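S.K.: Please see the structure below; I have some questions.
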Amino acid sequence: MTTKTLFVLLLPAFAASAAPPRGEEAYQKRVLPLLQKFCYDCHSDGVDKGDFVMDEYKDYTSMIADKVQWDHVRQQIATHVMPPEKKDKPSLAERDELLAWIDDTIFWFDPNKPDPGRAVWRRLNRTEYNNTVRDLLMVDMRPANEFPPDDTGYGYDNIGDVLALSPLLMEKYMRAANSIAEKALDTSDVERVDLELGAKKFWNQKGTSSENEGVRWFHDESEAATKFTAPAAGTYVFKIRASATQAGPDAAKIAFGIDGKEAGQFDVTARFRGEKGPWQTITHEARLSGGEHKLSVKFLNDFQDAANPDPEKRDRNLAVDKIDVEGPLGLLPARGTRLVQWLLDGKPAGRPELKLSGEDFQIGEGSGSRDTGAIYLASSGFVKHPVEIEKAGKYRLTIKAGAQQAGSEPAKFDVRLGGKNAGSFSVTAKDQAPQWFNAEVELPVGRHEIQVWFLNDFYDEKTRQDRNFWLHELSVTGPMNEPGGIAAADVPKLVEKLGSRLFRRPMKPEEKTKWTSVAELAQKEGASAFDALGFVLRGMLVSPSFLFRAPPQVAGDVKDGSGLIDEYSLASRLSYFIWSAPPDDKLLQFAAKGELRKNLATEVKRMLADWRAQSLAEDFAGQWLQLRDVEIADVDTRAFPDFKYGIASGMKKESQTFFNHLLSENRPVIEFLSADYTFLNEKLARYYDIKGVKGDKFQKVSLQGTPRGGILGSSLQNLQVYGRDVQIVGELTDVPQGSSPRAAERQSRFSAGGKTRHTASR
């Protein structure tokens, strides 16, 4: 006969017979008659009391698949809620019959026929989102810190069923996508160094140099050093600002050193007379590699003549105000972020470029001065700056200039480079409003001087109208005859590479088509190939394939309604559980070859040894053991005056370290409860009255001979948080016979505090 829908009004099974009924035959012969007798009256043939009918299922298979309904049925039966009071009720034996069948048919687990249940789309929680952005986009950002708090289920914030996607959160995702994409695909050029290394940034290397009121003094033949980081290889200019109290027949002499080698010796002839010097500038150029370098100044010829009648000639000392560092003089490569370098396989993200502000220039002829990022000429003349060209070719000049207009014609200027006039221009904007100008010039290899000439100064004595010129910025880019950045033909390949990384699996054909179309549309609207890739990245960052850990795909044969998940899904499950982060390249490589299951044990060990495994203690154990609440506990410090100064954070660290130890050392699970050791630093050990622990580092400490042990005897059970009410347990409450006076004192304070609850610790 047609299977009727079983109804959802009864309850969980307790009793089971020695040979529990199971399967369709037991249902037809023993269970269905009981349902017809006690349930069909109200829940079949169109009668739907409680919004439930028994004939909505098409067959037996679909009926037993509705586990949510059957769980509700168990509860109704076991609690005797159904049938209602005025209806005939089954005997206890009949209830047991129903419950046993439900337990052993609906909820019985057959290891030979595992039922994986329904697949849930798991949204990345805030921690997982931050870690995914960190690992996949390779940027130092925590955008999820601005998201609304994640919902929790059963005490955890990674339960798929409760991680909803609200309109507010979607708005946050879109804003985050913009900021992430901007930072992750940054291809701006490496910034030139323009540093001022003052006296306070030096440290003493030899002798007794010392800093006094912003000046580094060398009172004997001493040496001081500082350091700076060169962004790229090239020629750097060093300007040492020095003076000296002169004595004896010779001028003060210094040696300038770079990376432990003497770069040159110089005479300091300026005579120091106060904070204004006068100061002498010593200029030195050197070609350096990219990276960190040490600079040093050594005073070579200390001199004293105590008997000299002129007090200003009795002692020769060196005073160094600062060292200015500028450079490199050549063009700098396009920086490109780590993601860009990965996308382009280390190829340049763009053409080399030298960017100069007006303040970087020196006046070569005429009068003028620097003016807040610019330099201006008040008379006809020019400003200059050196540039090194390492590759011959055509170079583009981009100039930002403005003018104060006067007279009958606009301000005019030209740019000269390598002895050639690269272009002549007129500034037509008024009131110093800046304009952009472009030119191209062929340049040979070598050192050249960029000159920007103001050609037509003008001043009217009667009206006091004055024509002046401002140079704001100038950049040199090239060679233009060599490729730079990415070509349009490369975009589809880069889209696929980017998508496979963000989705943590190979892209599907339809996905490739969709996202490539986005890039093509952006290019049709005038975007460069790289900008088009930026649009794609923004879209992928708000795609469900990025924001969710998608339901796993079945790999291989399906038997009895279940099958193995694909290895990409397995890699994702592993990484988000152990690391709270996406799978790394090694996991994905194994998945691509179908070899992750073969190497599962080895990979789990590797993952647990990785620094990211700390997330397992912080996120899983932090929620399971409520360690996240320890530091916000409201402890009565009047009753417990020692509970301060980092004790709570130490307790949290103790349990985390213990948890990590059990995992990393593959200890038996029973040791979680039975361990006769813990991990303490000196401060926490002193609080527990445990002797012999020194230092701030957490170390393994034996608990033999104490009432403590396992996680139940750790800080977790010394401090459990119930809202703002704190339960103090363990040695804080249970003072065993023979315990220390200090522990007994804490016990007496606890008993008098009145704000805590006394509970047994074991």
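S.K.: In percent, what relative contact order does segment 338-477 have, based on Cα pairs under 8 Å that are 6 or more apart in sequence?
M.R.: Details: 341 pairs, mean separation 47.5, N = 140.
The value is 34 percent.
S.K.: Taking the mean number of other Cβ atoms within 10 Å as a proxy for protection, how do you rank 291-298, 208-215, 581-588 from highest to lowest?
M.R.: Details: 291-298: 17.9, 208-215: 14.4, 581-588: 19.5.
Most protected by this proxy first, the peptides run 581-588, 291-298, 208-215.
S.K.: (i) 1.07; (ii) 0.99; (iii) 1.42: which one is Cα Rg over 2.2 N^0.38 Å as calculated from this entry?
M.R.: Matching the structure shown: (iii).
S.K.: Sort the following peptides by mean Cβ neighbour count (other Cβ atoms within 10 Å, averaged over residues), highest first: 258-264, 681-687. All intermediate terms of the calculation are to be shown ahead of the outcome.
M.R.: Working: 258-264: 12.7, 681-687: 18.7.
Peptide ranking by packing, descending: 681-687, 258-264.
S.K.: Relative to the first principal axis of the alpha-carbon coordinates of the chain, what is the inclination of helix 600-609, with its axis defined by its Cα atoms, in degrees from 0 to 90 and to the nearest 10?
M.R.: 50 degrees
S.K.: Something else: Take the alpha carbon gyration tensor of segment 62-197, find the square roots of its eigenvalues, order them as a ≥ b ≥ c, and report rounded if a/c is under 1.5; if not, report prolate when a/b exceeds b/c, else oblate. Walk me through the numbers on the way to the answer.
M.R.: Values: a/c = 4.87, a/b = 3.37, b/c = 1.45.
Prolate is the answer for segment 62-197, as a/c is 1.5 or above and a/b outweighs b/c.
S.K.: Give me the one-decimal Kirkwood hydrodynamic radius in Å for segment 338-477, with the sum taken over alpha-carbon pairs. Intermediate values should be presented prior to the final figure.
M.R.: Numbers: mean 1/r = 0.0624 Å⁻¹.
One over the average 1/r among Cα pairs gives 16.0 Å for segment 338-477.
S.K.: Once you sort the root eigenvalues of the Cα gyration tensor of segment 193-327 as a ≥ b ≥ c, which label holds: rounded (a/c under 1.5), prolate (a/b larger than b/c) or oblate (the other case)? Walk me through the numbers on the way to the answer.
M.R.: On the way: a/c = 2.14, a/b = 2.08, b/c = 1.03.
Note, shape of segment 193-327 comes out prolate.
S.K.: Let me ask you something else. Quick check on packing: order 611-623, 639-651, 141-153 by the mean number of other C-beta atoms within 10 Å, highest mean leading.
M.R.: Working: 611-623: 18.2, 639-651: 16.6, 141-153: 14.5.
Most protected by this proxy first, the peptides run 611-623, 639-651, 141-153.
S.K.: Further question on the same structure: Among THR372, THR706, which comes first, second and so on when ranked by fewest other beta-carbon atoms within 10 Å?
M.R.: If I rank by nearby Cβ atoms, fewest first, I get THR372, THR706.
S.K.: Can you sort ILE486, ILE632 so the residue with the fewest Cβ neighbours within 10 Å comes first? Don't skip to the answer; put the middle values down first.
M.R.: Details: ILE486 23, ILE632 9.
With the fewest neighbours first, ILE486, ILE632 line up as ILE632, ILE486.
S.K.: How much net charge surrounds SER209 when only the other residues with a Cβ under 12 Å from the Cβ of SER209 are counted, with Lys and Arg +1 and Asp and Glu -1? Before the final figure, lay out each step's value.
M.R.: On the way: positive: LYS206, ARG216, LYS298; negative: GLU211, ASP220, GLU221, GLU223, ASP302.
For residues surrounding SER209, the net value is -2.
S.K.: Let me ask something else. Calculate how steeply helix 92-101 sits against the longest principal axis of the alpha-carbon atoms of the chain, using the helix alpha-carbon long axis, and give the answer as 0 to 90 degrees to the nearest 10.
M.R.: 40 degrees
S.K.: With contacts defined as alpha carbon pairs under 8 Å and 6 or more residues apart, what's the relative contact order of the chain in percent? Write out the running numbers ahead of the final one.
M.R.: Numbers: 1465 pairs, mean separation 65.9, N = 762.
Result for the chain is 9 percent.
S.K.: Tell me what the chain gives for mean residue ellipticity at 222 nm when only DSSP H runs of n ≥ 4 count, each as -39,500 (n - 2.57), the sum divided by the residue total, rounded to 500 deg cm²/dmol.
M.R.: Values: 21 runs with 196 residues, N = 762.
Calculated from helices alone, the mean residue ellipticity at 222 nm is -7500 deg cm²/dmol.
S.K.: Relative contact order of segment 601-703, please, whole-number percent, based on alpha carbon pairs below 8 angstrom and at least 6 residues apart.
M.R.: Values: 88 pairs, mean separation 23.4, N = 103.
Normalised by residue count, the contact order of segment 601-703 is 23 percent.
Values quoted throughout were computed directly from the atomic coordinates according to the rules given, and no laboratory measurement underlies them. Please read all numbers here as calculations on a predicted model, not as lab measurements. Glycine also receives a Cβ, built like all others from the backbone with ideal geometry; neighbour counts cover every protein chain displayed.
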